[in-house]
Amino acid sequence: MNNTAPHFSTKTLQFLESLKRNSRREWFATHKADCETYIRTPMLTIIKCLATNFPNMAPDMVAAPQSMYRIYHGIRFSSDKTPYKVHVSARFTHRLLPKNKSAALYFHLGSDELWI
């Protein structure tokens, strides 16, 4: 049995730092598997753990795979035209209220910052 809590590794931070320096589609295409391994999989594992624990500690909050924000920037209306976000993030909302109609818990990890 594995008693290790789900976590990000130093490889996660290294990937995010590399993405910050190389936020181009060509670079990302060759490193997409790294994104899956070091960003998406650990975040989904943490979300799964929170989904198990929220009923006991925050019963009105929802942790689901949809809680995770995508890595792709929405550049259509943004002044920042880089195609990728250089952080991993998730938002956990109230289970009974619409997405933008309640307070939420927010998690954000970049290579040089952590917001909770």
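Against the condition of a type in the set (Gly, Ala, Ser) and not in a helix (DSSP H, G or I), how does residue 18 come out, does it pass?
Numbers: of a type in the set (Gly, Ala, Ser): yes; not in a helix (DSSP H, G or I): no.
Against the criterion (of a type in the set (Gly, Ala, Ser) and not in a helix (DSSP H, G or I)), residue 18 does not qualify.
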### Sole exception among (1) in contact with a strand residue (DSSP E or B) (Cβ under 8 Å, 6 or more places away or on another chain); (2) free of Cβ contacts under 8 Å to residues at least 40 places away in the same chain for residue 88, by number
(2)
### Summary
Those residues of region 22-71 which are within 14 Å of residue 105 (Cα to Cα), aliphatic (A, V, I, L, M) and without any contact (Cβ under 8 Å) to a residue 24 or more places away in the chain amount to 51, 57, 64
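When the residues of region 23-49 are narrowed to those that are assigned to a loop (DSSP other than H, G, I, E, B) and surrounded by 14 or more Cβ atoms within 10 Å (Cβ to Cβ), which ends up modelled with the highest pLDDT? Spell out the reasoning first.
So the first thing to find is which residues in region 23-49 are assigned to a loop (DSSP other than H, G, I, E, B), and the list is 23-24, 31.
So of that shortlist, the ones also surrounded by 14 or more Cβ atoms within 10 Å (Cβ to Cβ) come out as 23, 31.
Values: 23: 91, 31: 98.
Taking the candidates together, the pick is 31.
Please enumerate the residues belonging to region 56-65 that are surrounded by 12 or more Cβ atoms within 10 Å (Cβ to Cβ) and not in a loop (DSSP other than H, G, I, E, B).
Here is the first cut: in region 56-65, the ones surrounded by 12 or more Cβ atoms within 10 Å (Cβ to Cβ) are 58, 60-65.
Answer for region 56-65, where residues must be surrounded by 12 or more Cβ atoms within 10 Å (Cβ to Cβ) and not in a loop (DSSP other than H, G, I, E, B): 61, 65.
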### Message
Which of the numbered conditions does residue 93 fail, given that it passes all the others? Conditions: (1) at pLDDT below 95; (2) in a loop (DSSP other than H, G, I, E, B); (3) surrounded by 15 or more Cβ atoms within 10 Å (Cβ to Cβ).
### Response
(2)
### Task
State the number of residues belonging to region 63-103 that are touching a Phe, Trp or Tyr at 6+ places or on another chain (Cβ under 7 Å) and farther than 29 Å from residue 34 by Cβ.
0
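Answer yes or no as to whether residue 52 is more than 12 Å from residue 87 (Cα to Cα), out of contact with any Asp or Glu (no Cβ under 8 Å at 6 or more places or on another chain) and loosely packed, with under 11 Cβ neighbours inside 10 Å. Steps first, answer last, please.
Numbers: more than 12 Å from residue 87 (Cα to Cα): yes; out of contact with any Asp or Glu (no Cβ under 8 Å at 6 or more places or on another chain): yes; loosely packed, with under 11 Cβ neighbours inside 10 Å: yes.
So residue 52 fits the description; yes.
Checking the structure you have, find out if any residue of region 75-84 is in contact with a strand residue (DSSP E or B) (Cβ under 9 Å, 6 or more places away or on another chain) and either closer than 28 Å to residue 4 by Cα or not in a loop (DSSP other than H, G, I, E, B) (or both). Give the derivation first.
Step one: list which residues in region 75-84 are in contact with a strand residue (DSSP E or B) (Cβ under 9 Å, 6 or more places away or on another chain), which gives 83-84.
Next cut, either closer than 28 Å to residue 4 by Cα or not in a loop (DSSP other than H, G, I, E, B) (or both) only: 84.
Checking region 75-84: at least one residue is in contact with a strand residue (DSSP E or B) (Cβ under 9 Å, 6 or more places away or on another chain) and either closer than 28 Å to residue 4 by Cα or not in a loop (DSSP other than H, G, I, E, B) (or both).
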### Query
All but one of (1) assigned to a strand (DSSP E or B); (2) without any contact (Cβ under 8 Å) to a residue 60 or more places away in the chain; (3) surrounded by 14 or more Cβ atoms within 10 Å (Cβ to Cβ); (4) not aromatic (Phe, Trp, Tyr) hold for residue 114; which doesn't?
(3)
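The values are calculated or read from the model by the stated rules, or taken from the named source; none is laboratory data. Note that the coordinates shown come from a computational prediction; the quantities given were computed from them, not determined experimentally. Methodologically, a virtual Cβ is constructed for each residue, glycine included, from the backbone with ideal geometry; neighbour enumeration extends over all protein chains shown.
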